[in-house]
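Chemist: For reference, the structure I am asking about is given below.
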Amino acid sequence: MIFKRLKPLLILAGFIILSGCASVISNPVVQQVNQQASVQAVKERPDTFTGNMVLWSGQIIRTENLKEGTRIEVVHKPADSNSRPKKSDETEGRFLALTDQYLDPAIYERGREVTIAGKLDGMRSLPLGEIEYNYPLIMLEEIHLWPHRQQEIYIRDDFWRYTHRHYYRRGFCCW
């Protein structure tokens, strides 16, 4: 009797729990990822990892629409357990993602967080300021654009500090 009443609630709870465990990148793609292919390792030995599937996260620096497709420049950030870039100053460098699809630079704008999966296609050298920078190039298979983070606002409440100080200064304390 009790089980019949709880059954819909248990099924709903199960769906909620399982949906929280779902990856932002499809499972077939995640299974192909070479875990050894970090940004730093690829920069040191690009020929070793060319053609391997990678899953990297980071923050968009620039999105450009070119004749060959849309190119996204990303500064790498370590990922959390959900593959979302961590809020951190840690990085292994920058990388490029290229897709033949049109991605709107107004949506894929500077500062947005992304998780990218794709096959490595060697290195590409582009100017970065006054230097030539060697970027690992990913041929994009899947991309997840993370929603903007909620801004954390801290309000300092000095109400109690001032009221107690005021209270004791006036001599209302009984000890």
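Every number in this text was worked out from the coordinates using simple rules, so none of it is lab data. All values reported here derive from a predicted model rather than from experimental measurement. Cβ: placed from backbone, ideal geometry, glycine included. Neighbour counts: every protein chain shown.
Chemist: Would you please give the residues with an amide H less than 5 Å from that of residue 112, counting only those at least 5 places away or on a separate chain, with H modeled from the backbone geometry?
Modeler: Answer set, sorted by chain and number: 60.
Chemist: Taking Cα pairs under 8 Å and at least six residues apart, what relative contact order does the range 24-149 come out at, in percent?
Modeler: Worked out over the range 24-149, it gives 27 percent.
Chemist: Now for a separate question. Please find the FRET efficiency linking residue 101 to residue 130, where r is the Cβ-Cβ separation and R0 is fixed at 25 Å, and quote it to the nearest 0.05.
Modeler: 0.20
Chemist: Once you have a ≥ b ≥ c as the square roots of the Cα gyration tensor eigenvalues for the range 24-149, tell me rounded if a/c is under 1.5, and otherwise prolate or oblate according to whether a/b is larger than b/c.
Modeler: Rounded is the answer for the range 24-149, as its axis ratio a/c remains below 1.5.
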